[in-house]
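Below is one structure; the comments refer to it alone.
The values are calculated or read from the model by the stated rules, or taken from the named source; none is laboratory data. All values reported here derive from a predicted model rather than from experimental measurement. Quick reminder, even Gly has a Cβ in these numbers, built from the backbone with ideal geometry, and neighbours come from all protein chains shown.
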Amino acid sequence: MARAVARIDAGAVRANCARLKAELGEAELCAVVKADGYGHGVQICTEAALAGGATRLAVATASEAERIGRRFAHVPLLTMGALAPPELDTVLEAGSELSAWRRGFLDLVAERARAHGRPARVHVKHDSGMGRLGNPDPGEALALLGACAESPDLEPVGIWTHFATADEPGADGGFFEAQLERFSAVAAAAREAIPGILVHAANSAAVFRDRRAHFDMARCGVAVYGLDPFQGDPGERGLRPVLSLRSYVADVKDFAAGDSAGYGRTWRADRETRVAVLPLGYGDGVRRGLSNDAEVLIAGRRYPLVGTVSMDNVTVDLGPGADVEPGAEAVLIGAQGDGAILAEELARRLGTINYEVTCGISARVPRVPLSS
Ligand SMILES: Cc1ncc(COP(=O)(O)O)c(C=O)c1O
């Protein structure tokens with residue numbers, strides 16, 4: 001019995017990577033392992049992703065690069081995010097490739113790379129419509145690549161972009177295709193100027209949406225973890241959920257009609273019933289927004305979560321005469337018996353996306369490989 005544990009299925013990570021590779025063909029798979037592997041545990045998931053066919057890794061921050069670079073030094077790693085000067089040193093020290101889109105920053109990269117005694121490997125980012133990081137001017141982006149090629153302290157490795165609406169097919173007014181067209185022109189010019197340059201644009205959704213977006217490599221996160229990029233059922237795309245969030249029944253109480261459970265008395269029994277207490281709550285990442293709006297699997301059956309989610313406890317209405325005993329396993333995300341609760345279901349209830357559900361599982365919850 002564990003108070004709260006995230007079971008991580010490394011076999012599912014491997015299978016999901018193999019599924020993505022089958023879709024990608026010749027193009028490389030870069031596993032995005034930022035934010036502790038989307039909350040799944042970066043160590044377990046990175047090993048499994050590499051075993052499943054990923055040949056590159058990407059993170060967002062310098063501290064993530066430091067951690068991954070040390071452990072997986074043999075695998076090319078890209079730090080995708082913006083870097084303040086001290087973070088730049090950390091990234092270079094970690095041996096990570098980095099992203100640049102402004103001349104001033106590129107000059108700083110060259111200066112710091114010289115101090116580190118090794119050319120910095122640079123991916124120039126073009127903002128083709130995301131309106132976030134990247135240089136929106138195709139000419140400037142190409143000029144930055146040229147500057148990398150001319151500098152002894154810089155090595156041009158990639159040209160890349162990121163899609164804003166890859167996960168909204170048929171609902172984005174053609175914005176994805178417009179981004180793809182803008183970027184394709186930049187990519188063609190970059191390939192002509194620097195043969196062998198690595199061109200990449202696709203996230204998980206774009207891999208499934210349009211082959212033309214695959215280029216030389218796709219940066220996939222959510223699908224690696226068996227979460228559906230389109231917020232539907234991952235199984236329909238051949239993806240297997242990797243994470244399950246499990247707890248146990250710490251106590252079972254008999255309630256009379258009118259008895260209430262939890263802060264604010266937001267739920268009261270309308271009949272005699274039995275109520276289970278599970279010892280996990282929003283301190284573990286079970287969001288308070290699920291109060292009176294979620295279901296939990298116990299003994300293979302779905303039961304409603306009732307009352308307000310506390311920091312360390314939630315309550316579940318088992319119904320009159322239920323024969324659930326303390327010690328029974330409870331599943332908040334994942335499968336039990338014939339039942340399953342997807343992160344996508346919780347996301348829908350919360351008005352958010354599956355990414356936020358798994359990233360929100362707190363550090364208090366151990367991530368444990370399935371077999372141990
Ligand atoms: C720049 C960039 N590329 C790729 C990804 C991976 O996207 P996904 O998890 O949708 O596959 C992300 C994730 O947010 C990202 O920020």
Checklist entry - Within region 165-181, is there a residue that is farther than 30 Å from V331 by Cα, buried (at least 18 other Cβ atoms within 10 Å of the Cβ) and within 11 Å of the ligand (Cβ to nearest atom)? => result yes
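Among the candidates V277, V324, which residue alone is β-branched (V, I, T) and part of a strand (DSSP E or B)?
Working: V324 fails: part of a strand (DSSP E or B).
Criteria check complete, one pass: V277.
Within region 273-283, can you find the residues that are without any contact (Cβ under 8 Å) to a residue 60 or more places away in the chain and touching a strand residue (DSSP E or B) at 6+ places or on another chain (Cβ under 7 Å)? Reasoning before the result, please.
So in region 273-283, the residues without any contact (Cβ under 8 Å) to a residue 60 or more places away in the chain come out as 273-278, 281-282.
Those that are without any contact (Cβ under 8 Å) to a residue 60 or more places away in the chain and touching a strand residue (DSSP E or B) at 6+ places or on another chain (Cβ under 7 Å): T273, R274, V275, A276, V277, L278, G281.
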Checklist outcome for this item: Flagged in region 189-206 as under 26 Å from I333 (Cα atoms) and surrounded by fewer than 24 Cβ atoms within 10 Å (Cβ to Cβ), in numbering order, are N203, A205
Checklist entry - Could you count how many residues in region 214-236 are of a type outside the set (D, E), in contact (Cβ under 8 Å) with a residue 40 or more places away in the chain and more than 18 Å from A49 (Cα to Cα)? => result 5
Next on the checklist: For region 88-99, check the following and say yes or no: at least one residue is under 27 Å from L227 (Cα atoms), surrounded by fewer than 20 Cβ atoms within 10 Å (Cβ to Cβ) and either out of contact with any Cys (no Cβ under 6 Å at 6 or more places or on another chain) or in contact (Cβ under 8 Å) with a residue 24 or more places away in the chain (or both).
Outcome noted: no
Checklist outcome for this item: Among (1) more than 16 Å from the ligand (Cβ to nearest atom); (2) assigned to a loop (DSSP other than H, G, I, E, B), A190 falls short only on (2)
Item to check | T308 being touching a strand residue (DSSP E or B) at 6+ places or on another chain (Cβ under 7 Å) and either modelled with pLDDT under 95 or not basic (K, R) (or both) | outcome: no
Checklist entry - Here are some conditions: (1) of a type in the set (A, V, I, L, M); (2) within 16 Å of the ligand (Cβ to nearest atom); (3) in contact with a helix residue (DSSP H, G or I) (Cβ under 8 Å, 6 or more places away or on another chain). A82 meets all but one. Which one does it not meet? => result (3)
Next on the checklist: Among the residues that make up region 217-232, is at least one of them at positive phi and surrounded by fewer than 24 Cβ atoms within 10 Å (Cβ to Cβ)?
Outcome noted: yes
Next on the checklist: If I go through region 24-33 residue by residue, how many of them are out of contact with any His (no Cβ under 6 Å at 6 or more places or on another chain) and away from the ligand (no atom under 12 Å from the Cβ)?
Outcome noted: 3
Next on the checklist: Restricting to region 34-70, give me the number of residues that are among the β-branched types (V, I, T), more than 12 Å from the ligand (Cβ to nearest atom) and in contact with a Leu (Cβ under 8 Å, 6 or more places away or on another chain).
Outcome noted: 3
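Going by the conditions given, is P156 closer than 24 Å to R102 by Cβ and surrounded by fewer than 22 Cβ atoms within 10 Å (Cβ to Cβ)? Walk me through how you get there before you give the answer.
Details: closer than 24 Å to R102 by Cβ: yes; surrounded by fewer than 22 Cβ atoms within 10 Å (Cβ to Cβ): no.
No; evaluated as a whole, the condition is false for this residue.
Inside region 193-266, counting only strands (runs of 3 or more DSSP E) that do not spill past its ends, which hold 1 or more residues that are near the ligand (Cβ under 10 Å from one of its atoms)? Even if it seems obvious, please write down each step before you answer.
Numbers: elements: 198-202, 217-220, 243-248, 251-255.
Filter on region 193-266 gives 198-202, 217-220.
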